[in-house]
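Only one structure is covered here, and it is reproduced in the block below.
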Amino acid sequence: MNELGRVVCKTCPRHCSLASGEIGFCRARRVVGSEVACANYGRITSLALDPIEKKPFAFFHPGSNILSIGSYGCNMRCPFCQNDSISQCGETDIAWRNFSPVEIADIAKSLVSSHRNIGLAYTYNEPLVGWEYVRDCARETKKRDLANVLVSNGCASENVIRAIAPLIDAANIDLKGASQEYYNWLGGDFESVCRTIKILHEFGCHVEITNLIVPGRNDKDEEIEAVADFLISVSDDIPLHITRFFPCWRMKNEQPTPIVDVYRLAEIARRRLKRVMVGNV
Ligand code: SF4
């Protein structure tokens, strides 16, 4: 705690400076004593068994299912968020139920043979604003020989990514655009997302990337070229999902991405990357 009685949260690049008891921008962390604690720890708002392709993953145990959990809160404000009913909520806005890491890992294990479950996915809201719960669940899941899957905006501090990377088997990271200018619109930090992708890849995690194409915002040829060029700098083998925007949350009145644009941008990406898929078309 500094001389002004505030504590800086180091979980993500926002570095919220919070007074005692105050909740951060993400609505998932709060100052308790002299530390910023994970306030949504164990608070599950969503629990479902999803096909792994829905995360999306094209090259990680295709045909399997994964128990998927989410809480509430997010450190970004993408106006096209498809999960705003949980990501843009705090503890009093939505129903949640407590599950300990042992309980959730036991549920995942119980679904292995009966439902082709391969493990546990941290998804729906932004999981890394509550990274301590991800870490603790991932440890329990590993003890049961199950996989850990992260679906994240990747906008987190280096120490957070390094803490969880050894526990994560596969990650789908949103690389929403290729510039800080674009990320300014979304309330995120481009360099942090790039660093997250690099670190996860270095740790041997299976990484796939999602790039949502929003009409008039990130649909120029040079933008997908820049996304592809960054991914090549990590590995040209990283799968890229180019997906179609549908009107959601603050962009309810916009038009969906023309399908022809999604295919055009995918073709451009394929000139650089080996594995490019289209989604929501
Ligand atoms: S994780 Fe939440 S509280 Fe911490 S810096 Fe980011 S937005 Fe702020």
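Just so you know, all these numbers are worked out from the coordinates, no wet-lab data involved. Bear in mind that the values here come from a model prediction, so they are computed numbers and not experimental data. Counting neighbours? That spans all protein chains shown, and the Cβs are built from the backbone with ideal geometry, glycine included.
Figures for the structure shown
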read-out: Close pairs from the stretch 71-89: first closer than 21 Å to H15 by Cβ and without any contact (Cβ under 8 Å) to a residue 24 or more places away in the chain, partner more than 15 Å from the ligand (Cβ to nearest atom) and among the small types (G, A, S), Cβ under 7 Å, at least 6 apart; value: none
read-out: Close pairs from the stretch 26-47: first within 23 Å of E103 (Cβ to Cβ) and more than 16 Å from the ligand (Cβ to nearest atom), partner acidic (D, E) and outside any loop (DSSP other than H, G, I, E, B), Cβ under 9 Å, at least 6 apart; value: G42/E103; G42/D136
read-out: Lone unmet requirement of (1) exposed (fewer than 14 other Cβ atoms within 10 Å of the Cβ); (2) over 25 Å from V193 (Cα atoms) for M1; value: (1)
read-out: Selection from the stretch 186-223 of residues that are within 20 Å of the chain's Cα centre (by Cα), farther than 20 Å from L150 by Cα and in a helix (DSSP H, G or I); value: L186
read-out: Residue list for the stretch 205-225, restricted to those being surrounded by fewer than 17 Cβ atoms within 10 Å (Cβ to Cβ) and either in contact with an Asp or Glu (Cβ under 6 Å, 6 or more places away or on another chain) or touching a residue at least 12 places away in the same chain (Cβ under 8 Å) (or both); value: P215, D221, E225
read-out: Single residue of P79, P56 found to be under 21 Å from F246 (Cα atoms) and touching a Cys at 6+ places or on another chain (Cβ under 9 Å); value: P79
read-out: Every pair of residues 6+ apart whose Cβ atoms lie under 6 Å, when the first sits in the stretch 117-137 and is more than 25 Å from C78 (Cα to Cα) while the second is within 16 Å of the ligand (Cβ to nearest atom); value: R135/I164
read-out: Residues being small (G, A, S) and within 29 Å of C194 (Cβ to Cβ) - total across the stretch 4-33; value: 3
